[in-house]
Ligand code: SF4
């Protein structure tokens, strides 16, 4: 569901912001997509996990239609819908929820990790899901771990659902043994094919003990401790990064692995942290880099010199603007982001071209005015804004597609560029 909410519920990010790049901060009405959406990719990632949304029929419709699951499949998510009896206080919601969990776990014994996901109806906010998770964990441990987090559209943008999920999972990860060898954790959901490519690259580079989080199986979580270094694969994981740091892990600062340059810089951060010489990194990545360069070159003529305007939505905006400007020759005019964590974005921010206006959060009407005045060649925005802007003659790209498609790494660089080139090619075809 696309929600419009006033912004003064924004978490205080300024306290952990550093750096001097001027940022336009807005505090008006904003257009965001809710955090439940991230279940669409998370439920495919952790194969023995299940996401039980506690919410309304709207939540159920959103998740069912966004995931596009066939009704004869056994999806790894469901919605416990609050009924009239719950709302009227006739039924005890906690007892009802316990009953739903019992039925679910009896029917689906393969579930090892159950997420209770909060949503934004006020009746749900009143339920103490964390306590419910603790209560149920006592019954089902050690076979099933039960964890609560919020995917509410009031509190989150759509990618923050993953951040909340992973941040809630971090405290349950095992402690690394004393004097453990240094290890690397790559944090953030990646398509399996991308994860496998990165695992092979890290091995070829000589970075040891690499683990991915979230893990594919609940039984095989990465251990965390002071000898853990972590690289974020997704830029929207502020809370997860903080939770990992609270466990003693150290974040490696790097641009995000979009495009050939971004991927090389991201891998280099790991290579440097593990004392791998640049010559080995160069040799191990040469062929993949060359393939990426060839794939990118195919789209440069379409994208080069074109103006791109980002509305804040996915939190991928800053790294993508960096990729599009440096590797594809596009001209970002405005780079909107729902929240700006300058520490996590430092490397990408430093590579943005001069003249790119970074804006944080939103006053949607004012931002629409700026967009109309600038008439960008391509506007990257959420679903709610795309159709009206197309009707005004602007060419748009749905930001949510950038999460649903594999985009990180060398082998996906060409596909990532194509995601931006396609709307321009389509518009050109329509205008002939
Ligand atoms: S969590 Fe809120 S915004 Fe998201 S689908 Fe449910 S009611 Fe809509």
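Of the residues 163, 196, 219, only one is under 25 Å from the mean Cα position of the chain (by Cα), crowded, with 23+ Cβ neighbours inside 10 Å and closer than 24 Å to residue 40 by Cβ; which? Before you say what the answer is, go through the steps one by one.
Working: 196 fails: crowded, with 23+ Cβ neighbours inside 10 Å; 219 fails: crowded, with 23+ Cβ neighbours inside 10 Å.
Being under 25 Å from the mean Cα position of the chain (by Cα), crowded, with 23+ Cβ neighbours inside 10 Å and closer than 24 Å to residue 40 by Cβ holds for just one of 163, 196, 219, which is 163.
Go through segment 230-247 and give me each residue that's touching a strand residue (DSSP E or B) at 6+ places or on another chain (Cβ under 7 Å), touching a residue at least 24 places away in the same chain (Cβ under 8 Å) and surrounded by fewer than 19 Cβ atoms within 10 Å (Cβ to Cβ). Show your work before the answer.
Within segment 230-247, the subset touching a strand residue (DSSP E or B) at 6+ places or on another chain (Cβ under 7 Å) is 230-233, 237, 240-241, 244-245, 247.
Retained after the next criterion (residues that are touching a residue at least 24 places away in the same chain (Cβ under 8 Å)): 230-233, 237, 240-241, 244, 247.
Listed by number, the list holds a single entry, 247.
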With a cut-off of at least 3 residues that are touching a helix residue (DSSP H, G or I) at 6+ places or on another chain (Cβ under 9 Å) and more than 18 Å from residue 25 (Cβ to Cβ), name the strands (runs of 3 or more DSSP E) lying wholly within segment 301-390. 378-381
Flagged pairs (Cβ under 7 angstrom, 6 or more apart or on separate chains; first in segment 195-223, at positive phi; second outside any loop (DSSP other than H, G, I, E, B)) are 206/280; 209/183; 209/184
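Only one residue in 116, 104, 173 is away from the ligand (no atom under 16 Å from the Cβ) and surrounded by 20 or more Cβ atoms within 10 Å (Cβ to Cβ), so which one is that?
Values: 116 fails: away from the ligand (no atom under 16 Å from the Cβ); 104 fails: surrounded by 20 or more Cβ atoms within 10 Å (Cβ to Cβ).
The match here is 173.
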Sort out which residues of segment 254-273 are touching a residue at least 24 places away in the same chain (Cβ under 8 Å), surrounded by fewer than 21 Cβ atoms within 10 Å (Cβ to Cβ), touching a helix residue (DSSP H, G or I) at 6+ places or on another chain (Cβ under 9 Å) and under 26 Å from residue 179 (Cβ atoms), and write them in order of number. 269
Any residue in segment 74-91 that is within 13 Å of the ligand (Cβ to nearest atom), more than 25 Å from the chain's Cα centre (by Cα) and modelled with pLDDT of 85 or more? yes
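If I ask for residues that are surrounded by fewer than 16 Cβ atoms within 10 Å (Cβ to Cβ) and in contact (Cβ under 8 Å) with a residue 24 or more places away in the chain, which ones from segment 276-293 would you list?
To start, the set of residues in segment 276-293 that are surrounded by fewer than 16 Cβ atoms within 10 Å (Cβ to Cβ) comprises 277-280, 282-283, 286-287, 290-291.
Across segment 276-293, the qualifying residues are 280, 291.
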Of the conditions (1) without any contact (Cβ under 8 Å) to a residue 12 or more places away in the chain; (2) away from the ligand (no atom under 16 Å from the Cβ), residue 135 clears all except one; give me its number. (1)
Can you name the residue in segment 27-57 that is part of a strand (DSSP E or B) and at pLDDT below 90 and, of all such residues, is farthest from residue 79 (Cα to Cα)? 27
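The values are calculated or read from the model by the stated rules, or taken from the named source; none is laboratory data. This is a predicted model, so every value here is computed, not measured. Every residue, glycine as well, gets a Cβ built from its backbone with ideal geometry; the counts of neighbours run over all protein chains shown.
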